[in-house]
1. Could you give the Stokes-Einstein D for region 95-222 in µm² per second, using the C-alpha Kirkwood radius, 25 °C, 0.890 mPa s?
2. Test of understanding: extend the Cα→C-beta vector of E41 to 7 Å, then name every residue of region 92-132 with backbone N under 16 Å from that spot.
3. With the Cα gyration tensor of region 106-161 giving a ≥ b ≥ c as the square roots of its eigenvalues, does the rule (a/c under 1.5 for rounded; else a/b larger than b/c for prolate; else oblate) give rounded, prolate or oblate?
4. Going 7 Å from the Cα of K554 along its beta-carbon direction, which residues of region 573-590 have the amide nitrogen within less than 20 Å of the resulting point?
5. Of I231, I331, how do they rank once you tally other Cβ atoms within 10 Å and put the fewest first?
6. For T445 and N572 in one chain, what is 0.36 nm times their gap in residues minus the Cα-Cα distance, to one decimal in nm?
7. What is the extension gain from V18 to E454, computed as 0.36 nm multiplied by their sequence separation minus the C-alpha to C-alpha distance, in nm to one decimal?
8. Straight-line reach from K521: which lysines have Cα under 30 Å away, leaving out those fewer than 8 places along the same chain?
Amino acid sequence: MSGVVAMFNRDGAPVDRVLLDGMTAFLAFRGPDAQRVQVLENVGFGHTLLETSDAPAGEEQPFTLDGRTWIVADARVDAREELVSALRAHGHEDLAASATDVELILRAYHAWGEDSVAHLLGDFMFAIWDPSRRHLFCARDHLGVKPFFYAQLGPAVVISNTLDCIRLHPAASCDLHDPAIADFLLFGVNQDSETTSFRDIRRLPPAHTVTWTMHVPRRRRYWTLPIEEPIHFKHANAYCDRFTELLSAALRDRLRTRRVAVLMSGGVDSPTLAATALRLLREDPSGFCLRAITSVYDRLIPDSERHYAGLVAEHLQIPIRYDVRDDEISIAQWDQISVHTPEPVDNPPAFAASVKFFDAVVADARVFLYGEGPDDALRYEWRPYLWRLVAEKQTAQLMRAVSADLWMHRRIPFWSSIRRIAALRRADARWMEDFPGWLTPEFATRCQCRDRWETQRRSGSSHPTKPVAYGSFNDVRWQSLLEGCDLSGALSHADIRHPFLDLRVLQYMLALPAMPWCRDKAIIRRAMRAELPQQVLRRRKTSIEASPDFERVKASGLPRLLASPDLLKYVNPDRIPRTPRNALELRATLRPLGLNYWLRDLGSN
């Protein structure tokens, strides 16, 4: 975790050192452990460091190997041994195995130029100044775990992993980008991965590079999530062995410290991270501190997470801390909090609670493991899988798939799945929002809100056997989730890591045959059958039936709406429901309220 800022004046004008110092100092919340600035005539880099490794030699940035080519980055490079071997074979014989991540990236650039990203695995955003080519080469990781914002302000290019940092540049206007505001009001998240809520500030999408020269910038996509044929092993145990091997590699790359916390629920995903991390940490006899942190409700809504997460912690013999959320500040009390977010959020108190939570637990660890990924990657899409086998006349594989599903789950796959699909369709219908009637007609017409609404509902993917699972990882909601995790962690000096989103693990999960391995996440349950308690392994996927926010609103109501003048450009406040009938209507109602809160905060800064 680092704070990163880079400036490049394409007209050759020298960088304003005072401005760069100020922008770097602003990023101290991201990196309290070190702060450095480097100015190279018309290029400048600033970096602040959050130390999350137990390695004795800390990382120093901005970094150079030869005093000419420089890099600044927020990065963690995975599969280091493979990369070091490839670099040594490419002429970097002096490369030490203990080289820092930023050195590995810079050496990769020296070895392969702009194709270096094809050799990198991990979470990263970086900018490299190459004086021989007179260009600034930048890249963002495959899934967009690390944020990357930039602005082209006349001849000046400004880059950072923090949106508010770019807003400090005097040439950056405060004008809003109305299509992004429209998407927030309609969907809760900007559907365009390249824009932000501000007209002048943009995102570099995941899996993209951009090269700024003295003339025209060049941008390209260097990776797309591959569509792979389903994996078929001869023996069932091989599936579990491979999953365990890949997840262990992903976790080993993320465990560079002996003090780690797992954001653990009572399901199977995050407990799997806890059990695997514990096994890996025990390989080092020098000692470690692994603990679990579980959010629970004891009174507000029915919740069994305390019970099941407690079973896991007891079984693994690790300490567990319960984050009791019943008494969080009510939505009706927005006026009692002061929280700033770079872009609008629908529930500012929830964001404030997240930051407060990490503030309270960061003394125990700076690295947190988050179990998102399997719910999407391991969706049980048996119908397209079977239809593919039928269409290709793979009769033997078809019989093996059906028999394996029946043998492993002891339930007729089609009947139970049809009932579940019917239930999910009913649930989807309950969570299908209506087009909001509180948008102003002029704004709705100008931003083509109705067309946006219909287009978003028709989105999908062309994957032949896992269209929903594959399509979900191209959804912009991942960008929103990952950037939210990054910001919540940064504000508390914590680094949230996502082992299931490691490309090796993710691509394996997406390539697993839906039958039998994706049914009830069978691959995880079988792989962990000797490491997690049976009560947890037998527990089926459950969702929170009641909405905590809706229960709070029923008790306390919505906040009093003191509409900002700017809100009236987008929303008719008189048409916003004051008493939402259900959690679905509440979710939609919170968006204009959240936008109003953000606009008022924006106007006060």
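1. The Stokes-Einstein estimate is 156 µm²/s.
2. Hits in region 92-132 for E41 at 16 Å: 129-132.
3. oblate
4. Answer for region 573-590: 577-590.
5. Neighbour counts put them in this order, fewest first: I231, I331.
6. My answer for the length gained is 44.3 nm.
7. Computed gain between V18 and E454 is 152.1 nm.
8. Within reach: K146, K234, K393, K466, K541.
Bear in mind these aren't lab numbers, they're just calculated from the coordinates by the rules spelled out. Everything quoted here is computed from the prediction, not taken from an experiment. A quick note on method: Cβ atoms are made from the backbone with ideal geometry, for glycine too, and the neighbour counts reach across all protein chains shown.
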